[in-house]
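Student: Take a look at this one; I'll ask things after.
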Amino acid sequence: MKKSQFGWALLGAAFVFVIGSLVRVSAAETAASSASSKTKPATSGSTATTTATDTATSSSPTTATTSSTQEASSDEGWEGVRTVVVSATRAETEIAKTGTSISVVSQKEIERQQYRSVGEALREVPGVNISNSGTPGQVSTVMIRGAKTSENSVFLDGRRLPFNLAGGFNVENLSLANVDRVEVARGPVSSVNGGASIGGAINIVSRDGRGQETPLTETFFEAGSFNTFREGVSSWGSEGNFDYSTGVVRLDTDNQRLNNEYRNTSSLNKLGYQITPDLYFDTHVIYSLADIGSPNNITTNDRTANVLRELWGVSPGLNWKTTEIWTQSVYYGRYQYRQVASGNAPDTFVGTTGLNNRVQVDTDQIDYQSVVQIFENWKMTGGVSGSNISYYLKLDETDNYSFPSVPGGTKPVDDGQTNTGYFVESQWEIVKGWNFISNFRFDHYSDFGDAATYRFATSYEVPDLRTLLHANYGTSYAPPTPQDVAGYWSGNTKLSPEQGKGYEFGVTQPFWGDKVSVFGTWFHNDVNNYIVWDSTAQPGFPWGTGTNVGHAVMEGVESGFTVKPVKQVRINTSYTNLSAIREADNIQNFSSRLARAPRHTINASISYSPIDPLTFTLAGNYVADRVDGSPVREMEDYLNMRFMANWKINKYLEVFGRIENLTNDQYQEVLGYPALDQAYYGGFKVTF
C-alpha cells in the first residue's frame, strides 16, 4: 500500500497554511477584519425543507450556518433559495446562485415529522430512495437519482465520513441528536468533493453553539410498539470564546421478527474555541454502536445471527480569516469502523457470508481549502486533500466453503489505498441575478490511477417575475469498493473505476406572494464501466464476480410544490419519475433495470396548526414500479403513511406521538425483508 501520496498531501496542506500566516495584512487591516469577524451566527433553530437548487458539500471546518433571518425565510417555500450554504460550492453561497439541485431537511421539519435517524430524514427528499432491509437498524440502500449507495458521498459539516467495505456509510445507525439540518445535493459532484459522488452527496450539519450565550438543553423520552424505548439529551451554547454542541441518543427495540432486536447508541459532538478574532478552532467527535439481530430474509429466518457495528471519529480543524478578502481552513479526520458478525449457523448461507468474522476499516484524511473574494462579483476557491484507508477481514472460524479452505484466525482480506486530490473553483456573478460556476479537480488513486473531473453550472433569476432558472453539467468518478476487488469475496481485481457525466435543467417559480412555490428539474446521467454482479459461473469464480458492463443510464424528472394558503397550513408534495437502465455489452448482451430504483415516487405531507402550540402532520410515501432480487423480479407497489402530533404545552415541555404505517400496508422495500406493521409511539421533550 502506497502512503507517500497521503504524506505529500499532509505536508502540502501544512505548508500552504503556514505560508498564509506569513502574509498578514497591516495592523489597520487586521483591526478592521477583527471587528467584522466578531459577529457570530446563531443556528439554534434551522431551516426547513426547501424546493430550491444547489449542490455538493463543504470541506471547511466551519459548518453551513445561517442568520436567524435566513433561517426564518428558508421555511417559506420559494424564499428558501435565499438560504446561505457552503455545501454548494465549498464557500458560503446563496442556494439561488449555485445552479444545481439541493434539498434541505431542517431541524424544524425533523421535529415535525419525528424522524429518528439520518436515513429516515432522507425519505421525503425528491430524487432520493431509501430501501431498508426490513426494520430499523438493518442496512439501508441510499440511492440518489438511481445511483447506488457506493456512488454517493456522506459528509458531516463538510468533512467526509468514512465508508465501509461495501463503499457506503451506515446512515441508519446515525441518530439526529445534535443535527441542525441535512442537505442533499443531487447530480454528479465529484469535481467538488472528489471520490464517489456520481449520484450526489449528503451533508449532515450539526448545531452550532456560537452566539448562544444562554445554553439550551433538550432531553426526551419515547416508548411504543415492539417494546421500543428511545431517550436522549442534547445541549448547545457558548461561554466567552468557547462554544459547544453535543447530543446522545439511545434506542432499544425488539422489532417484529424473531432475532430482530436493535440496540443503538449514537452521539454527535462539536467543541470550538475562538483563539483570536480571526482564528477559530473546532473538533468534531462522532460515535455509534449498533447491536443488531440478523434474521436474514423470510425464507432463512436465522435465529442466532448477530451483527455488532461500531464507528468512532475525531476531526479537529482550523478556520482563519487571513485578510478581509482571504479565508483559509484545514481539518484532519481519524475514523475507525468495526463490525463483528457472530452466531451464524454453518448451514444458513451458501458461501462465506454466514461465517463468524470481524471487519475493521481505519481512515485518515486531511483537507485544506482557500477562498479569495477577488472582486465583489468574483470568488475563487481552491484546495488539496488526502486520505489513507486500511482495512481487513479476520475469520473467527475456518472457512470450509473456500477452496482451499481458509483457517480461522487468519485475514483473507488485508489491504488499503490512498488518494490525493487538488481542486479549483470560480464563482462569477456576470450581471445581477446571473451566476456562473466552474470547477476542476484532479485525483490520484494509489490503486486506480488518475482522474480528472469538472463541472459547469449557471443560474438566472428573472427580474420582477422572480423565476429561477438553473442548468448544470458535470463529470464524476467512482473507484471500485474494497468488496468489489477482494478476491476472498470473488472480487475482481481487474475492475475499472466507474466514470459518469450528467446534466440537468430546472426552474423554480413563486406565486401569490410566495404562498405557492413550484419547481421542476429534468436530469440525465450516464455512467460508463458500470459495476454489476455477474452471477454467471466463470473460471475461478463459481459464485460469480463483479463485472464492468457497458454503461448505465439514469434520467427523469423531479417536480413538486409547496403551498402555505394560511399561516396554520403547510403542504409539501414532490414527484420523481426515474428511468434507470444498465446496458451490458459483455454479459450476454442484455439490458436490465437497476434494482431498487422505482419508476415512480410520490412524497407528500400536510401540516395543520389549529393553535400555535399544536401541530398535526399527515405524511406519505408512494413507491411504484420497481424490481429487485436475483434473478430480477417485479415488486409490489406500496404506500407508507404516517400521522404525527406535536403539542408544545409551554416553553419547557412538549409532548408528541405518531402512528407509523398508518394503513398497515404489508410491503417490502428490499425483496424478502418485510417492513414493520402498524406501530404507535409517544413521548415528551423537556427544554431548559
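Student: So for the stretch 208-219 (the condition being under 12 Å from the mean Cα position of the chain (by Cα) and either surrounded by 24 or more Cβ atoms within 10 Å (Cβ to Cβ) or closer than 26 Å to THR576 by Cβ (or both)), does at least one residue qualify? Don't jump to the end; show me each part of the working.
Tutor: Step one: of the stretch 208-219, the residues under 12 Å from the mean Cα position of the chain (by Cα) are none.
Scanning the stretch 208-219, I find no residue that is under 12 Å from the mean Cα position of the chain (by Cα) and either surrounded by 24 or more Cβ atoms within 10 Å (Cβ to Cβ) or closer than 26 Å to THR576 by Cβ (or both), so the answer is no.
Student: Starting from residues that are among the aliphatic types (A, V, I, L, M) and crowded, with 18+ Cβ neighbours inside 10 Å, keep the ones in the stretch 404-436 and report whichever is farthest from ALA166 (Cα to Cα).
Tutor: VAL406
Student: What number of residues within the stretch 556-595 are surrounded by 14 or more Cβ atoms within 10 Å (Cβ to Cβ), at pLDDT below 90 and acidic (Asp, Glu)?
Tutor: Summing the residues that are surrounded by 14 or more Cβ atoms within 10 Å (Cβ to Cβ), at pLDDT below 90 and acidic (Asp, Glu) in the stretch 556-595 gives 1.
Student: Residue by residue through the stretch 437-471, note down the ones that are in a loop (DSSP other than H, G, I, E, B) and under 30 Å from THR493 (Cα atoms). Steps first, answer last, please.
Tutor: Of the stretch 437-471, the ones in a loop (DSSP other than H, G, I, E, B) are 446-448, 462-467.
If the condition is that a residue be in a loop (DSSP other than H, G, I, E, B) and under 30 Å from THR493 (Cα atoms), then SER446, ASP447, PHE448 are the ones that fit.
Student: Which of the residues that make up the stretch 644-666 are aromatic (Phe, Trp, Tyr) and surrounded by 15 or more Cβ atoms within 10 Å (Cβ to Cβ)?
Tutor: Initial filter on the stretch 644-666 (aromatic (Phe, Trp, Tyr)): 647, 652, 656.
Across the stretch 644-666, the qualifying residues are TRP647, PHE656.
Student: Only one of (1) crowded, with 18+ Cβ neighbours inside 10 Å; (2) more than 24 Å from the chain's Cα centre (by Cα); (3) of a type in the set (Val, Ile, Thr); (4) within 25 Å of GLY421 (Cβ to Cβ) fails for THR493. Which number is that?
Tutor: Single failed check for THR493: (1).
Student: Now a separate question. Suppose we filter the stretch 635-688 for residues that are part of a loop (DSSP other than H, G, I, E, B) and at negative phi; how many remain? Give the steps one after another, and end with the answer.
Tutor: First, pick out the residues of the stretch 635-688 that are part of a loop (DSSP other than H, G, I, E, B): 636-637, 649-652, 661-667, 671-672, 675-678, 688.
From what's left, at negative phi: 636-637, 649-652, 662-663, 665-667, 671, 675-678, 688.
Looking only at that region, the number is 17.
Student: From the set of residues in the stretch 437-450 that are touching a residue at least 60 places away in the same chain (Cβ under 8 Å) and among the hydrophobic types (A, V, I, L, M, F, W, C), which is surrounded by the fewest Cβ atoms within 10 Å (Cβ to Cβ)?
Tutor: Looking only at the stretch 437-450, we keep the residues that are touching a residue at least 60 places away in the same chain (Cβ under 8 Å), and these are 437, 439-441, 443-444, 446.
Subsequent filtering for residues that are among the hydrophobic types (A, V, I, L, M, F, W, C) retains 437, 440.
Values: ILE437: 26, PHE440: 16.
Looking at the filtered set, the residue picked out is PHE440.
Student: Among what's in the stretch 517-546 and is farther than 30 Å from ARG466 by Cα and of a type in the set (Val, Ile, Thr), pick the residue that is modelled with the highest pLDDT.
Tutor: Step one: filter the stretch 517-546 for residues farther than 30 Å from ARG466 by Cα, giving 526-546.
Now narrow it down to the ones that are of a type in the set (Val, Ile, Thr): 527, 531-532, 536, 545.
Values: VAL527: 94, ILE531: 89, VAL532: 84, THR536: 66, THR545: 78.
Checking each candidate, the answer is VAL527.
Student: Looking only at residues that are part of a loop (DSSP other than H, G, I, E, B) and hydrophobic (A, V, I, L, M, F, W, C) in the stretch 173-230, which one is nearest to THR98 (Cα to Cα)?
Tutor: VAL189
Student: Next question. Have a look at THR149, THR93, THR100 and point out the one that is modelled with pLDDT under 90, in contact with a Gly (Cβ under 7 Å, 6 or more places away or on another chain) and more than 30 Å from THR219 (Cα to Cα). Reasoning before the result, please.
Tutor: Numbers: THR149 fails: modelled with pLDDT under 90; THR93 fails: in contact with a Gly (Cβ under 7 Å, 6 or more places away or on another chain).
None of the other options fit; the residue is THR100.
Student: Are any residues in the stretch 484-533 closer than 23 Å to GLU558 by Cα, among the acidic types (Asp, Glu) and not in a loop (DSSP other than H, G, I, E, B), and if so, which ones? Let's see the steps before the verdict.
Tutor: At the first step, the residues of the stretch 484-533 found to be closer than 23 Å to GLU558 by Cα are 500-512, 514-527.
Those left that are additionally among the acidic types (Asp, Glu): 504, 514, 526.
Listed by number, the residues that qualify are GLU504, ASP526.
Student: Of all residues in the stretch 299-323 being among the hydroxyl-bearing types (Ser, Thr, Tyr) and buried (at least 17 other Cβ atoms within 10 Å of the Cβ), which is farthest from SER288 (Cα to Cα)?
Tutor: The residue in question is THR323.
Student: If you don't mind, there's one more thing I want to ask. Consider the stretch 277-315. How many of its residues are touching a residue at least 60 places away in the same chain (Cβ under 8 Å) and under 30 Å from ILE366 (Cβ atoms)?
Tutor: Number satisfying all stated conditions: 12.
Student: Any idea which of PRO162, PRO136 is out of contact with any helix residue (DSSP H, G or I) (no Cβ under 8 Å at 6 or more places or on another chain) and not in a helix (DSSP H, G or I)? Spell out how you get there, then give the answer.
Tutor: Numbers: PRO136 fails: out of contact with any helix residue (DSSP H, G or I) (no Cβ under 8 Å at 6 or more places or on another chain).
Unique residue meeting the criteria: PRO162.
Student: State whether the residues of the stretch 280-298 include one that is outside any strand (DSSP E or B), over 27 Å from GLU124 (Cβ atoms), touching a helix residue (DSSP H, G or I) at 6+ places or on another chain (Cβ under 8 Å) and not aromatic (Phe, Trp, Tyr).
Tutor: Among the residues of the stretch 280-298, not one is outside any strand (DSSP E or B), over 27 Å from GLU124 (Cβ atoms), touching a helix residue (DSSP H, G or I) at 6+ places or on another chain (Cβ under 8 Å) and not aromatic (Phe, Trp, Tyr), which makes the answer no.
Student: It is to be established whether one or more residues within the stretch 379-400 are surrounded by fewer than 18 Cβ atoms within 10 Å (Cβ to Cβ) and in contact with a Phe, Trp or Tyr (Cβ under 9 Å, 6 or more places away or on another chain). I'd like the intermediate steps shown before the answer.
Tutor: We begin by selecting, within the stretch 379-400, every residue surrounded by fewer than 18 Cβ atoms within 10 Å (Cβ to Cβ); these are 380, 390, 392, 394, 396-398, 400.
Filter once more, keeping what is in contact with a Phe, Trp or Tyr (Cβ under 9 Å, 6 or more places away or on another chain): none.
No.
Student: Hey, any hits in the stretch 295-312 for a residue that's at pLDDT 95 or above and of a type in the set (Lys, Arg)?
Tutor: The answer is yes; a qualifying residue exists.
Student: Answer yes or no as to whether THR562 is in a strand (DSSP E or B), touching a Leu at 6+ places or on another chain (Cβ under 7 Å) and over 27 Å from ASP450 (Cβ atoms). Write out each step before concluding.
Tutor: On the way: in a strand (DSSP E or B): yes; touching a Leu at 6+ places or on another chain (Cβ under 7 Å): no; over 27 Å from ASP450 (Cβ atoms): yes.
Considered against the rule, which asks whether it is in a strand (DSSP E or B), touching a Leu at 6+ places or on another chain (Cβ under 7 Å) and over 27 Å from ASP450 (Cβ atoms), THR562 comes out as no.
Student: Have a look at SER150, SER197, SER191 and point out the one that is touching a residue at least 60 places away in the same chain (Cβ under 8 Å), small (Gly, Ala, Ser), out of contact with any Cys (no Cβ under 7 Å at 6 or more places or on another chain) and closer than 20 Å to THR93 by Cα.
Tutor: Numbers: SER150 fails: closer than 20 Å to THR93 by Cα; SER197 fails: closer than 20 Å to THR93 by Cα.
Just one listed residue meets the conditions, SER191.
The values are calculated or read from the model by the stated rules, or taken from the named source; none is laboratory data. This structure is a prediction, so every number in the text was calculated from the model and none was measured. Note that each Cβ is placed from the backbone with ideal geometry, even for glycine, and that neighbours are counted across all protein chains shown.
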